[in-house]
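Peer 1: Mind looking over this structure? Questions follow.
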Amino acid sequence: LFDVDEEKGVFDLLVKVVGVGSRILSQRSEREMVDLIGPLGNGFSLSDNSGQRELLTWSDSKHLIVAGGMGIAPMDVLARRVKERGEEVVVLFGAVSRNEVLCSSEFQELGALFVVSTEDGSLGKMGKVSSLIPEYLSRDKRIQIYACGPRGLLKEVVELSRREGLLCQVSMEERMACGLGACRSCVCKVGTESQFEYKRVCRDGPVFRGEELIVEKG
């Protein structure tokens, strides 16, 4: 889910063709009917889980979005909500090369600072997007992080947020069979290494608090 227009009752999907399902979806024609089940699970929140208090605003804390590859898809709506609150947001985006850099104009139109890194150095800083985070921590450690992307990136972000004591929300990516939580094929670990439980990404997630999530490299 990339963008939502609540007044018109429409939304945009950002799809990368990687298999049979995404290929079929990409071949749909305009005005063709498609069956959907949703909404499922939860999303990023600008309040705590109980809904009883607002998280720190920009005057107290900076909103830092960290995304890799197709992990940029859910971040447009989040950045838009932050800007609607009159707060600032920084987007750190990583891709393999400049040909895979997505949505820069959309975020710039929102007034967000959009910073790019590419693994081959063809655009922005050369290296992984996680290498950009310390620069913003060195400026001010009052940062809230929202992350989505490859498993390795999410693991780095979670470990960094715990080490630095930062507020962090992570949107997990998993293959989902039923989307209803019945098959339990999309579970992830929540808790500590010695005492954890499995949560369903489709129903309990996909967004989890960084301090409770155990991310294992895929």
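Peer 1: Mind sorting Ser185, Ser29, Ser104, Ser130 by how few other Cβ atoms lie within 10 Å of their own Cβ, fewest first?
Peer 2: Working: Ser185 14, Ser29 5, Ser104 17, Ser130 22.
Listed from fewest to most nearby Cβ atoms, that is Ser29, Ser185, Ser104, Ser130.
Peer 1: Pick out, from Cys188, Gly21, Val4, the residue whose Cα sits farthest towards the positive end of the charge dipole of the chain, with +1 on the Cβ of Lys and Arg and -1 on the Cβ of Asp and Glu.
Peer 2: Among Cys188, Gly21, Val4, the one farthest towards the positive end of the dipole of the chain is Cys188.
Peer 1: A 21 angstrom limit on the alpha carbon distance is what I want to check against. Which of Lys16/Lys199; Lys83/Lys189; Lys16/Lys155; Lys128/Lys199; Lys83/Lys217; Lys128/Lys155 exceed it? It would help to have the intermediate numbers written out before the result.
Peer 2: On the way: Lys16/Lys199 26 Å; Lys83/Lys189 32 Å; Lys16/Lys155 23 Å; Lys128/Lys199 28 Å; Lys83/Lys217 33 Å; Lys128/Lys155 13 Å.
Beyond 21 Å between Cα atoms: Lys16/Lys199; Lys83/Lys189; Lys16/Lys155; Lys128/Lys199; Lys83/Lys217.
Peer 1: When only DSSP loop residues count, what GluC sites (Glu not before Pro) in the range 143-218 have their Cβ near at most 14 other Cβ atoms within 10 Å? Before the final figure, lay out the partial values.
Peer 2: Working: sites: Glu156, Glu159, Glu164, Glu173, Glu174, Glu193, Glu197, Glu211, Glu212, Glu216; in loops: Glu173, Glu174, Glu193, Glu216.
Passing sites in the range 143-218 are Glu193, Glu216.
Peer 1: Separate question: Tell me, what ³J(HN,Hα) does each residue in the range 75-82 have, in order and in whole Hz, if you take phi through Karplus 6.51 cos²θ - 1.76 cosθ + 1.60 with θ = phi - 60° and put x for Gly and Pro?
Peer 2: Calculated HN-Hα couplings, in order: 7, 5, 5, 4, 4, 5, 5, 4 Hz.
Peer 1: Return the loop-located trypsin sites (Lys or Arg not before Pro) in the range 135-185 (DSSP other than H, G, I, E, B) with at most 10 other Cβ atoms within 10 Å of their own Cβ; answer none if there are none. Working shown, then result.
Peer 2: Working: sites: Arg139, Lys141, Arg142, Arg151, Lys155, Arg162, Arg163, Arg175, Arg184; in loops: Lys141, Arg142, Arg175, Arg184.
Passing both the DSSP loop test and the Cβ count: Arg175.
Peer 1: A further question follows. Determine the calculated [θ] at 222 nm for the chain from helices alone, applying -39500 (n - 2.57) to every DSSP H run no shorter than 4 residues and normalising by the residue count; nearest 500 deg cm²/dmol. Walk me through the intermediate numbers first.
Peer 2: On the way: 5 runs with 45 residues, N = 218.
Value at 222 nm, helices only: -6000 deg cm²/dmol.
Peer 1: With 10 angstrom as the radius, rank Tyr146, Tyr198, Tyr136 by how many other C-beta atoms surround their C-beta, starting from the fewest. The partial results should precede the final answer.
Peer 2: Details: Tyr146 27, Tyr198 13, Tyr136 18.
With the sparsest Cβ surroundings first, the list reads Tyr198, Tyr136, Tyr146.
Peer 1: Let me check against my output: what whole-number percent is the relative contact order of the chain, with C-alpha pairs under 8 Å and at least 6 apart? Don't skip to the answer; put the middle values down first.
Peer 2: Numbers: 384 pairs, mean separation 38.4, N = 218.
With pairs under 8 Å counted, the relative contact order is 18 percent.
Peer 1: Which value, in debye to the nearest 20, describes the size of the charge dipole of the chain about its Cα centre when Lys and Arg Cβ atoms bear +1, Asp and Glu Cβ atoms bear -1, and nothing else is charged?
Peer 2: Values: 29 positive and 33 negative charges, 107 e Å.
About 520 debye.
Peer 1: Next question, about the same structure. Given the chain, what percent of its DSSP beta bridges are antiparallel, to the nearest 5?
Peer 2: On the way: 14 of 39 bridges.
If we restrict to bridges inside the chain, about 35 percent are antiparallel.
Any read-out appearing in this document is the output of simple, stated calculations on the displayed coordinates, not a laboratory observation. Everything quoted here is computed from the prediction, not taken from an experiment. As a convention, Cβ positions derive from the backbone with ideal geometry for all residues, glycine included, and neighbour counts pool all protein chains shown.
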